[in-house]
Amino acid sequence: MAEHELEKMYECEVKKLFLRDGRKREEWTAVPVADAIRENAARYRCKHCHGAVRLHGRNVQHGPSPHAEHKSRQDSEYCPTGIYFRRNPGRLPRLSLHPVE
């Protein structure tokens with residue numbers, strides 16, 4: 001797998017409205033990035049570190065599948081899906097210092 005492939009996440013979390021016990025509640029739900037793009041999700045984040053991510057759709061037929069990448073290098077350094085995390089064996093994962101709520 002090419003090094004730049006390591007940062008690509010094919011799932012993210014989106015904030016969705018649910019009816020639970022007769023009450024409307026917003027909850028984070030893991031979905032494929034393609035679905036988040038198709039649904040035009042307003043709020044989304046990394047499902048592992050809860051940090052901000054950029055969603056990328058498939059722009060050309062032979063291009064990469066829809067995926068997400070961390071906006072912050074710091075999130076990438078401490079998220080198990082981040083390329084910088086994988087470059088530093090022994091580093092412990094942690095949640096983003098600036099999580100998307």
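A few notes on this one:
- Residue check, Glu13 part of a strand (DSSP E or B), out of contact with any Leu (no Cβ under 8 Å at 6 or more places or on another chain) and at pLDDT below 95: no
- Within the range 62-80, residues that are in contact (Cβ under 8 Å) with a residue 24 or more places away in the chain and closer than 17 Å to Ala30 by Cβ reach partners that are in a helix (DSSP H, G or I) and among the hydrophobic types (A, V, I, L, M, F, W, C) with beta carbons closer than 7 Å, at six or more positions or on different chains, in the pairs Pro66/Val33; Pro66/Ala34; Pro66/Ile37; His67/Val33; Ala68/Val33; Cys79/Phe85.
- Where a residue in the range 25-39 is closer than 15 Å to His50 by Cβ and its partner, wherever it lies, is surrounded by fewer than 14 Cβ atoms within 10 Å (Cβ to Cβ), with Cβ under 7 Å and at least six apart: Glu26/Leu17; Glu27/Phe18
- Between Arg54, Arg25, Arg94, the distinction of being among the basic types (Lys, Arg) and assigned to a loop (DSSP other than H, G, I, E, B) belongs to Arg94 only.
- For the range 8-24, a residue qualifies if it is under 17 Å from Cys79 (Cβ atoms) and either touching a residue at least 60 places away in the same chain (Cβ under 8 Å) or surrounded by fewer than 19 Cβ atoms within 10 Å (Cβ to Cβ) (or both), and the qualifying residues are Lys8, Met9, Tyr10, Glu11.
The values are calculated or read from the model by the stated rules, or taken from the named source; none is laboratory data. The structure displayed is predicted, hence computed values, not measured ones. No Cβ is skipped: glycine too gets one built from the backbone with ideal geometry, and neighbour counts run over all protein chains shown.
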